[in-house]
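Each remark here refers to the structure printed beneath this line.
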Amino acid sequence: MQRSSSKMGGKKRIADALRKVFNGFLLLSFGLSIFGCTATKFLKEGESFYAGSEINFDTQGKRVGRKKVLRSELEEYIMPKPNKKFLGMRTGVWFYYIAGTPKKEKGLKSFIKNKLGKPPVLFSDVTPERTAKTLNGQLHNQGYFQSSVSYETKAKKHETKVIYNVVLPSPYRLDSIRYPTPRDSVYRSILKTVRETSLLKEKQRYDLERMQAEQSRIEKELENVGFYYFDDRYLIFEADSTVGKKKVNVALRLEKGIPPKARRIYKINDVNIYLSYKLSLDSATESSFARQIDGYNYVDSARSFRPSVITRMINFKQGNIFRREDQEYTLNHLMGLGVFKFVNIKFSEVHKDSALLDTNIFLTALKKKSLRGEMQMLSKSNNFVGPGLSFTFTNRNFLKGAELFELKLNTAYEVQFGGKTEGEPLNAFEVGLESSLTVPRFISPIRINYANSRYIPKTVFKLGVNFQNRVGYFQLNSFNVSYGYSWLETKSKTHELHPVDITFVKTSKQSDAFKEQLELNPALANSFQNQFIIGTRYSYTYNSQFKEDPLAKFEKKKYRTHSFYFNGNVDIAGNLMYAIQRQFNKSSDLPLEIFNFPYSQYVKGDVDFRYYWQFDVRNKLATRVIVGAGYAYKNAETLPYIKQFSIGGSNSIRAFPARSLGPGTYNIREDTEANTQFIDQRGDLKIEGNIEYRFDIVKFFKGAVFLDGGNIWLLQKDSTRAEEDPRQEGIFNSKTFLSEFAVGTGLGFRFDFSFFVLRLDIAFPLRKPYLVDDPWVVDDIDFGSSTWRKENLIFNIAIGYPF
């Protein structure tokens, strides 16, 4: 009963916290309205803002479902859209009016009017009668043949709303589907095969968009067997809705008088490849540089690429029938190389009755070499701020094989202000140099059969070195070399495998204070020891936002309602080396060494699952769950420092400084010796959950309300953490881990420019697990107290969305 009451108390505290946040919103709304940000004072006499629309359904019959989906689909056809509101006010319109008429194209007034402002949408701009007809037409297209739409208006003081009343009967459904059986044999065999994979099924709701998708699919199927000039306009659906009982008989027929060339199967004749193509130099002139390479006419006067690299990307072969898939795959392959700015494929008949196509592939290359520099001002949620500078040199055709070579130099300097640090501010700097070479094919000592002809596999070689200096404490140096592969299974499924991933980690320049901490904490000392990490990594990613949908081309929705993202990683190190050494030397004491340094042996895995629910174009619910665990064994007692899990920060639990939580209920804040807050808190197991409601405010300015929770734990006991209080040892317990969750909430503001997102999240804790006796701190929330704000408010400034 005690545990049950604790859960009830936790729920009540969260509810109280959310109530306080909501009250803050109301206070802000009232304050803004006092200052006259509603824009209503700018209306002329007789004018009224358009307040949007509402759709009401009057259903007729028993089998009338999907009203929620139907309402959302119909709303896409209601134009114009009303001005967006923030806290009940049309802030965009207010900015538009107060800017007046700018005298210059550039300047403050122009920025306010055109960037922050939005022209008012008035009721006089609305045509509800025409919209009602449009909605009724869309209902008919979706099988609601006996529907009707009327409208009425509802006016308030300064705004008018339109209500569309829809009489919605049960829809008509497909009873029979008949495909053509032409007398000649030109299309007969292919149309018989096409029917087996039809998008149309009996008892489906009549849907014009689905029938259009079926026409497009059949066109593609015919083009894939050589009918280059066939068009879906030659396919006509006829529907008979007079059969009764709200059933429809659908028949597909071929249009009469199809042109002869649309009934002809074409084959590929010459394939001409033009490298470094320019509009100023026509193909006839460039043909003088042509060479015969692997059956292709290859034109590259500059000899910038090895010919086999380009010809391997092309699916067209002389003598083969034309296939639309070959065209799509060739485009994907060539653009996927990352070295071409434009790829254009054109076909032309050799002569009128030849049934042969010449294929011309025009390629315009990107600039081969580039140097990019970036300067950043970093502000982290653990009170570290400072500049960052990076340079990247890129060669997009390094060895004339479309290899991508990159050399990156990253530098950063950080200073910690605030917090509980006493004396001189803590500072750190980091320098990293990494080179990578990406080759557009598999390079392996054994033959790899890659059957997917749609996507290009890649082999990636990396070599890097990194220096992290936490001044006054330690310097962490790491050297890494890796070799691996990246390939797509489908557009939405990605694989990465690194069979060789070697890292050497060395800690140097250790201060006396840091050495003292290592002596007090053997587990921390083990994670910081100089060691090799010799392992293999595998990663799998699924993103439903990239999933292909045959109906997507015909759907009018600008977003996907439900989206999923999954990323799973497995990291295994030391096993092969340990097995080899044990085979030849079974009596050596642990740890075994390489070049007089031990190597780590562990297994580690983690999953990241995300679900996005897009209510409409302006509102979205984003959720994420992360679970990860790592276990060191045999040749290692703990996971290496760089492989352990941490939690907290701008992309994690935003109400707590980065890497400051856990493990479990351990309270680093009570340990002030040697300023241990400078040492990240890390663990062997991580559980984290996040939920965030995202909404538009005005144009590119967006908001969010979020709730984060989770923690990290140890899987192996660290006795030094439990010397004062056994409850703070940080060991994972399946029965009590939920009671050790940290919980935080807050508000976010984002400047979303599509290509760039600047984010500010203001967060505060609801539950502090290190306060073992009473972790909930909801009752302590006091926005009016400067002391509470200083100790609890966390400002997270970051680039991009947290997930």
- prompt: Using just the C-alpha positions of segment 564-712 as equal point scatterers, what log10 of I(q)/I(0) does the Debye formula give at each q in 0.11, 0.16 1/Å?
  reply: -0.60, -0.96
message: Please compute the volume of the convex hull spanned by the alpha-carbon atoms of segment 154-193 and report it per residue in Å³.
response: 167
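Given the pairs LYS109/LYS157; LYS341/LYS369; LYS44/LYS133; LYS67/LYS246; LYS133/LYS157, which span a C-alpha to C-alpha distance of over 22 angstrom in this model?
Over 22 Å Cα-Cα: LYS109/LYS157; LYS44/LYS133; LYS133/LYS157.
What does the helix-only formula give at 222 nm for the chain: each DSSP H stretch with n ≥ 4 adding -39500 (n - 2.57), the total divided by the residues, and the result rounded to the nearest 500 deg cm²/dmol? Don't jump to the answer; show the numbers that get you there.
On the way: 14 runs with 147 residues, N = 803.
Computed mean residue ellipticity for the chain: -5500 deg cm²/dmol.
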statement: Spelling it out for LEU122: with amide H atoms placed in the peptide plane at 1.01 Å from N, the residues 5 or more places away or on another chain with amide H under 5 Å from its amide H are TYR50
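In Å, what Kirkwood hydrodynamic radius results for segment 123-254 from the alpha-carbon pair distances? If you can, show how the numbers build up before the last one.
Values: mean 1/r = 0.0576 Å⁻¹.
Radius from the Kirkwood sum: 17.4 Å.
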query: How far apart, in nm, are two points set 7 Å out from the Cα along the Cα-to-Cβ line at LYS44 and at MET79?
result: 2.5
query: Applying the Karplus parametrisation 6.51 cos²θ - 1.76 cosθ + 1.60 with θ = phi - 60° to the phi angles of segment 203-217, what ³J(HN,Hα) value in whole Hz is obtained for each residue in order, glycine and proline being reported as x?
result: 6, 5, 5, 4, 8, 4, 5, 5, 5, 5, 5, 5, 4, 5, 5
- prompt: Hey, rough spin-label estimate for TYR631 and GLN318, points 7 angstrom out along Cα→Cβ, what's it come to in nanometres?
  reply: 6.2
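Using only the C-alpha atoms of segment 750-796, find the volume of their convex hull and express it per residue in Å³. Could the numbers behind the result be given before it?
Working: hull volume 4.6 nm³, N = 47.
Given the Cα convex hull of segment 750-796, per-residue volume reads 98 Å³.
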- request: Name the long-range amide H neighbours of VAL757: under 5 Å, sequence gap of 5 or more, or other chain; modelled H, no Pro or chain starts.
  value: GLY800
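With a 1.4 Å probe and every protein chain kept in, tell me what percent of the accessible surface of segment 202-355 is carbon plus sulfur.
Its accessible area is 47 percent carbon and sulfur atoms.
What percent does the relative contact order of the chain come to when contacts are Cα pairs within less than 8 Å and at least six residues apart?
Worked out over the chain, it gives 7 percent.
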- prompt: Just the projected area, averaged over all directions, of the convex hull on the alpha carbon atoms of segment 85-171: how many nm²?
  reply: 8.3
query: Looking at this model, which pairs from LYS643/LYS735; LYS220/LYS317; LYS368/LYS699; LYS201/LYS256 are more than 29 angstrom apart at the alpha-carbon?
result: LYS368/LYS699
query: What whole number of Å gives the distance from the Cα centroid of segment 737-803 to the Cα centroid of segment 189-251?
result: 54
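Let me know the volume per residue of the alpha-carbon convex hull for the chain, in Å³.
Numbers: hull volume 201.6 nm³, N = 803.
Each residue corresponds to 251 Å³ of Cα convex hull volume.
Within the set of other residues whose C-beta is less than 11 Å from the C-beta of GLY800, count the net charge using Lys and Arg as +1 and Asp and Glu as -1.
Details: positive: ARG750, ARG759; negative: ASP752.
Spelling it out: positives minus negatives among the neighbours equals +1.
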field: Values of log10 I(q)/I(0), in the order q = 0.14, 0.16, 0.20 Å⁻¹, for segment 74-117 under a Debye, Cα-only, solvent-free model
entry: -0.42, -0.52, -0.67
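So, R0 is 25 Å and r is the distance between the beta-carbons of ASN165 and SER124; what FRET efficiency does that work out to, to 0.05?
Working: r = 22 Å, r/R0 = 0.88.
Using R0 = 25 Å, I get an efficiency of 0.70.
Roughly to the nearest percent, how much of the accessible area of segment 26-155 is carbon and sulfur, given a 1.4 Å probe? Don't skip to the end; give the middle numbers.
Working: 4400 of 8010 Å².
Taking all protein chains in place, segment 26-155 shows 55 percent carbon and sulfur surface.
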- request: Please name whichever of VAL705, PHE95, ASN526 sits farthest to the positive end of the charge dipole of the chain, dipole taken about the Cα centre and charges placed at Cβ: Lys and Arg +1, Asp and Glu -1.
  value: PHE95
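About the Cα centre of the chain, what is the dipole size in debye to 20, counting +1 per Lys and Arg Cβ and -1 per Asp and Glu Cβ, all else neutral?
Working: 119 positive and 86 negative charges, 623 e Å.
It works out to roughly 3000 debye.
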- request: Would you mind counting up the charge near GLY388? Only other residues with Cβ under 10 Å from its Cβ, with Lys and Arg at +1 and Asp and Glu at -1.
  value: -3
message: Quick one: 3J(HN,Hα) in Hz for segment 771-786, Karplus 6.51/-1.76/1.60 with θ = phi - 60°, rounded, Gly and Pro as x.
response: 8, 4, 5, 8, x, 6, 10, 4, 5, 8, 4, 8, 5, x, 8, 5
query: Which whole-number value in Å² is the accessible area per residue of the chain, probe 1.4 Å?
result: 53
- prompt: Which of GLY46, GLY244, GLN583 sits closest to the plus end of the dipole of the chain, meaning its Cα is farthest towards the positive end, when Lys and Arg get +1 and Asp and Glu get -1 on the C-beta?
  reply: GLY244
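The values are calculated or read from the model by the stated rules, or taken from the named source; none is laboratory data. Everything quoted here is computed from the prediction, not taken from an experiment. As a convention, Cβ positions derive from the backbone with ideal geometry for all residues, glycine included, and neighbour counts pool all protein chains shown. Please note that ligands, DNA and RNA were not included when accessible areas were found on the heavy atoms of the full protein model with its side chains. Shrake-Rupley method; radii C 1.70, N 1.55, O 1.52, S 1.80 Å.
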